[in-house]
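Novice: Just dropping this structure here.
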Amino acid sequence: MARTDDGTIAPDNVFKKSSDYEATLQSLKKGAQIRWRKNLCANCNNNKSQPFDRSYDHFEACLVEHIDEIFGWERLDWQTVYGSDWQERARNLARYFGKQLGCMLATQQLRVPDELIEFLNGSERCPSVLFMLQINPRAVEAHEKMRSDGFETGLSDFVGLLEATAYETRGVFSGIDYGYHIGYLWFIAQWRADADVTSWFDYQEIDLPRLSNE
(Lines give C-alpha, C1' and ligand atoms only; values in the text may rest on other atoms or scores of the structure.)
Protein backbone atom coordinates (compact mmCIF):
# COMPACT_ATOMS: atom_id res chain seq x y z
CA MET A 1 0.00 0.00 0.00
CA ALA A 2 1.54 3.31 -1.07
CA ARG A 3 1.52 6.52 0.94
CA THR A 4 2.34 10.08 -0.07
CA ASP A 5 4.86 12.23 1.81
CA ASP A 6 2.15 13.51 4.17
CA GLY A 7 1.09 9.96 5.08
CA THR A 8 -2.03 9.85 2.88
CA ILE A 9 -2.69 6.48 1.27
CA ALA A 10 -2.26 6.67 -2.51
CA PRO A 11 -3.71 4.12 -4.94
CA ASP A 12 -1.00 4.39 -7.60
CA ASN A 13 0.61 1.01 -6.96
CA VAL A 14 -2.06 -0.79 -4.95
CA PHE A 15 -2.69 -4.01 -6.83
CA LYS A 16 -5.73 -6.22 -6.26
CA LYS A 17 -6.06 -9.82 -7.38
CA SER A 18 -9.33 -11.67 -6.86
CA SER A 19 -11.70 -13.98 -8.67
CA ASP A 20 -13.26 -11.09 -10.61
CA TYR A 21 -10.50 -8.45 -10.75
CA GLU A 22 -6.76 -8.30 -11.38
CA ALA A 23 -5.29 -4.81 -11.86
CA THR A 24 -4.05 -1.68 -10.12
CA LEU A 25 -6.82 0.06 -8.20
CA GLN A 26 -7.87 3.49 -9.37
CA SER A 27 -9.31 4.58 -6.04
CA LEU A 28 -9.12 3.58 -2.39
CA LYS A 29 -12.28 5.40 -1.35
CA LYS A 30 -15.01 4.29 -3.71
CA GLY A 31 -15.83 1.73 -6.30
CA ALA A 32 -17.05 -1.85 -6.36
CA GLN A 33 -13.58 -3.34 -5.99
CA ILE A 34 -12.85 -1.87 -2.56
CA ARG A 35 -16.32 -1.97 -0.98
CA TRP A 36 -18.94 -4.53 -0.19
CA ARG A 37 -22.23 -4.12 -1.98
CA LYS A 38 -24.65 -1.69 -0.35
CA ASN A 39 -26.28 -4.11 2.08
CA LEU A 40 -26.36 -1.87 5.18
CA CYS A 41 -28.88 0.90 5.73
CA ALA A 42 -27.45 4.41 5.98
CA ASN A 43 -28.14 4.64 9.73
CA CYS A 44 -26.27 1.38 10.44
CA ASN A 45 -23.33 2.28 8.23
CA ASN A 46 -23.01 5.93 9.24
CA ASN A 47 -24.13 6.03 12.89
CA LYS A 48 -24.52 2.67 14.60
CA SER A 49 -21.19 1.29 13.37
CA GLN A 50 -19.06 4.38 14.06
CA PRO A 51 -17.87 3.04 17.47
CA PHE A 52 -16.80 -0.14 15.66
CA ASP A 53 -14.77 1.87 13.17
CA ARG A 54 -13.15 3.94 15.92
CA SER A 55 -12.11 0.82 17.83
CA TYR A 56 -10.58 -0.61 14.67
CA ASP A 57 -8.76 2.63 13.81
CA HIS A 58 -7.32 2.82 17.34
CA PHE A 59 -6.14 -0.78 17.24
CA GLU A 60 -4.62 -0.38 13.78
CA ALA A 61 -2.68 2.71 14.95
CA CYS A 62 -1.45 0.78 18.00
CA LEU A 63 -0.35 -2.14 15.85
CA VAL A 64 1.54 0.09 13.40
CA GLU A 65 3.21 1.93 16.28
CA HIS A 66 4.40 -1.34 17.83
CA ILE A 67 4.90 -3.33 14.62
CA ASP A 68 8.46 -4.31 15.62
CA GLU A 69 7.42 -5.49 19.10
CA ILE A 70 4.08 -7.26 18.94
CA PHE A 71 5.44 -10.31 17.11
CA GLY A 72 7.51 -11.05 20.22
CA TRP A 73 4.52 -10.88 22.57
CA GLU A 74 2.98 -14.09 23.84
CA ARG A 75 -0.09 -12.30 25.17
CA LEU A 76 -2.03 -9.10 24.47
CA ASP A 77 -3.44 -6.94 27.30
CA TRP A 78 -6.51 -5.10 26.04
CA GLN A 79 -6.19 -2.51 28.80
CA THR A 80 -2.80 -1.54 27.35
CA VAL A 81 -4.50 -0.97 24.01
CA TYR A 82 -7.79 0.64 25.04
CA GLY A 83 -7.52 1.74 28.67
CA SER A 84 -10.09 1.23 31.41
CA ASP A 85 -13.04 0.71 29.03
CA TRP A 86 -11.11 -2.05 27.24
CA GLN A 87 -13.93 -4.59 27.26
CA GLU A 88 -16.49 -2.54 25.34
CA ARG A 89 -13.87 -1.25 22.91
CA ALA A 90 -12.47 -4.75 22.34
CA ARG A 91 -16.06 -5.89 21.84
CA ASN A 92 -16.56 -3.08 19.29
CA LEU A 93 -13.41 -4.24 17.50
CA ALA A 94 -15.08 -7.65 17.20
CA ARG A 95 -18.25 -5.94 15.97
CA TYR A 96 -16.18 -4.19 13.28
CA PHE A 97 -15.13 -7.57 11.90
CA GLY A 98 -18.59 -8.95 12.56
CA LYS A 99 -19.95 -6.23 10.30
CA GLN A 100 -17.45 -7.20 7.61
CA LEU A 101 -18.42 -10.84 7.98
CA GLY A 102 -22.11 -9.94 7.70
CA CYS A 103 -21.52 -7.82 4.60
CA MET A 104 -19.53 -10.63 3.00
CA LEU A 105 -22.32 -13.13 3.69
CA ALA A 106 -24.97 -10.76 2.33
CA THR A 107 -22.86 -10.09 -0.78
CA GLN A 108 -22.62 -13.83 -1.41
CA GLN A 109 -26.36 -14.20 -0.71
CA LEU A 110 -25.71 -16.38 2.31
CA ARG A 111 -27.72 -16.22 5.52
CA VAL A 112 -26.44 -13.79 8.15
CA PRO A 113 -26.70 -15.57 11.53
CA ASP A 114 -29.29 -14.10 13.90
CA GLU A 115 -26.78 -14.03 16.76
CA LEU A 116 -24.39 -11.94 14.67
CA ILE A 117 -27.16 -9.44 13.92
CA GLU A 118 -28.03 -9.26 17.62
CA PHE A 119 -24.35 -8.73 18.48
CA LEU A 120 -24.11 -5.82 16.03
CA ASN A 121 -27.28 -4.41 17.57
CA GLY A 122 -25.78 -4.35 21.06
CA SER A 123 -25.88 -7.87 22.50
CA GLU A 124 -22.81 -8.44 24.69
CA ARG A 125 -22.07 -11.90 23.31
CA CYS A 126 -22.06 -13.66 19.97
CA PRO A 127 -21.57 -17.28 21.06
CA SER A 128 -21.65 -18.81 17.60
CA VAL A 129 -18.77 -16.63 16.30
CA LEU A 130 -15.20 -17.06 17.54
CA PHE A 131 -13.19 -13.85 17.22
CA MET A 132 -9.44 -14.39 17.61
CA LEU A 133 -6.03 -12.89 16.81
CA GLN A 134 -3.08 -14.88 15.51
CA ILE A 135 0.47 -14.10 14.41
CA ASN A 136 1.81 -15.47 11.13
CA PRO A 137 5.52 -16.33 11.64
CA ARG A 138 6.24 -16.40 7.91
CA ALA A 139 4.84 -12.89 7.58
CA VAL A 140 7.01 -11.84 10.54
CA GLU A 141 10.06 -13.11 8.64
CA ALA A 142 8.97 -11.13 5.58
CA HIS A 143 8.49 -8.01 7.70
CA GLU A 144 11.97 -8.29 9.21
CA LYS A 145 13.54 -8.93 5.79
CA MET A 146 11.83 -5.87 4.32
CA ARG A 147 13.00 -3.74 7.24
CA SER A 148 16.59 -4.96 6.84
CA ASP A 149 16.39 -4.22 3.11
CA GLY A 150 15.52 -0.59 3.79
CA PHE A 151 11.72 -0.65 3.52
CA GLU A 152 10.90 1.54 6.52
CA THR A 153 7.36 0.37 7.19
CA GLY A 154 7.98 -3.32 6.50
CA LEU A 155 4.67 -5.13 6.31
CA SER A 156 2.73 -2.60 8.38
CA ASP A 157 1.14 -1.17 5.20
CA PHE A 158 0.11 -4.58 3.88
CA VAL A 159 -3.56 -5.24 4.61
CA GLY A 160 -6.09 -7.50 3.01
CA LEU A 161 -8.68 -10.25 3.16
CA LEU A 162 -7.81 -13.91 3.52
CA GLU A 163 -9.57 -16.69 1.67
CA ALA A 164 -13.00 -17.46 3.13
CA THR A 165 -14.17 -21.06 3.47
CA ALA A 166 -17.84 -21.94 3.87
CA TYR A 167 -19.13 -25.21 5.33
CA GLU A 168 -22.27 -27.32 5.00
CA THR A 169 -23.75 -29.91 7.30
CA ARG A 170 -26.11 -32.30 5.54
CA GLY A 171 -26.58 -29.78 2.78
CA VAL A 172 -27.30 -26.83 5.09
CA PHE A 173 -25.00 -23.80 5.40
CA SER A 174 -23.43 -24.23 8.83
CA GLY A 175 -20.17 -22.29 9.05
CA ILE A 176 -17.72 -19.86 7.53
CA ASP A 177 -14.20 -18.59 8.18
CA TYR A 178 -13.52 -14.88 7.68
CA GLY A 179 -9.97 -13.56 7.85
CA TYR A 180 -8.29 -10.17 7.56
CA HIS A 181 -4.68 -9.24 8.12
CA ILE A 182 -2.63 -6.16 8.91
CA GLY A 183 0.99 -7.07 8.28
CA TYR A 184 1.67 -10.28 10.18
CA LEU A 185 -1.38 -10.08 12.50
CA TRP A 186 -4.37 -12.17 11.47
CA PHE A 187 -7.93 -11.26 12.58
CA ILE A 188 -10.16 -14.32 12.38
CA ALA A 189 -13.93 -14.64 12.74
CA GLN A 190 -15.25 -18.20 12.60
CA TRP A 191 -19.00 -18.80 12.61
CA ARG A 192 -20.29 -22.27 13.41
CA ALA A 193 -24.01 -22.93 13.76
CA ASP A 194 -25.03 -23.85 17.31
CA ALA A 195 -21.53 -23.18 18.73
CA ASP A 196 -21.02 -21.54 22.11
CA VAL A 197 -17.52 -20.05 22.28
CA THR A 198 -15.74 -17.18 24.01
CA SER A 199 -13.85 -14.47 22.11
CA TRP A 200 -11.10 -11.92 22.64
CA PHE A 201 -13.33 -9.41 24.45
CA ASP A 202 -14.17 -11.94 27.19
CA TYR A 203 -10.70 -11.62 28.75
CA GLN A 204 -8.46 -8.69 29.59
CA GLU A 205 -5.44 -10.68 28.44
CA ILE A 206 -5.49 -13.07 25.49
CA ASP A 207 -2.93 -15.42 23.98
CA LEU A 208 -1.36 -14.54 20.64
CA PRO A 209 -0.95 -18.00 19.08
CA ARG A 210 1.25 -18.57 16.04
CA LEU A 211 -0.25 -19.94 12.86
CA SER A 212 1.11 -23.26 11.67
CA ASN A 213 3.04 -23.46 8.41
CA GLU A 214 -0.15 -24.69 6.75
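The values are calculated or read from the model by the stated rules, or taken from the named source; none is laboratory data. Only a predicted model underlies this, so the values are computations on that prediction, with no experimental measurement involved. Here the Cβ positions follow ideal geometry from the backbone for every residue, glycine too, while neighbour counts run over all protein chains shown. For the accessible areas, the whole protein counts, side chains as well, though only heavy atoms, and no ligand, DNA or RNA atoms are used. Shrake-Rupley method; radii C 1.70, N 1.55, O 1.52, S 1.80 Å.
Novice: Using a 1.4 angstrom probe, figure out how much accessible area region 37-147 has per residue, in square angstrom, rounded to the nearest whole. Please report the intermediate quantities before stating the final value.
Specialist: Details: 5740 Å² over 111 residues.
For region 37-147, the solvent-accessible area averages 52 Å² per residue.
Novice: What per residue convex hull volume, in Å³, do the alpha-carbon atoms of region 37-190 yield? Can you show the working numbers first?
Specialist: On the way: hull volume 20.0 nm³, N = 154.
So the per-residue hull volume is 130 Å³.
Novice: Given N residues in region 132-178, what is its alpha carbon radius of gyration divided by 2.2 N^0.38 Å?
Specialist: Working: Rg = 16.6 Å, N = 47, 2.2 N^0.38 = 9.5 Å.
Relative to the rule-of-thumb radius for its length, region 132-178 sits at 1.75.
Novice: At a Förster radius of 25 Å, what calculated FRET efficiency corresponds to the Cβ-Cβ distance of Tyr167 and Glu74, to the nearest 0.05?
Specialist: Working: r = 31 Å, r/R0 = 1.22.
After rounding to 0.05, the efficiency reads 0.25.
Novice: Zone of Asp202 (label point 7 Å along Cα→Cβ, backbone N under 14 Å): which residues in region 69-97?
Specialist: Residues passing the 14 Å test: 91.
Novice: Taking a probe of 1.4 Å, how large is the accessible area per residue of region 171-214, in Å²?
Specialist: Values: 2020 Å² over 44 residues.
With the other protein chains kept in place, region 171-214 gives 46 Å² per residue.
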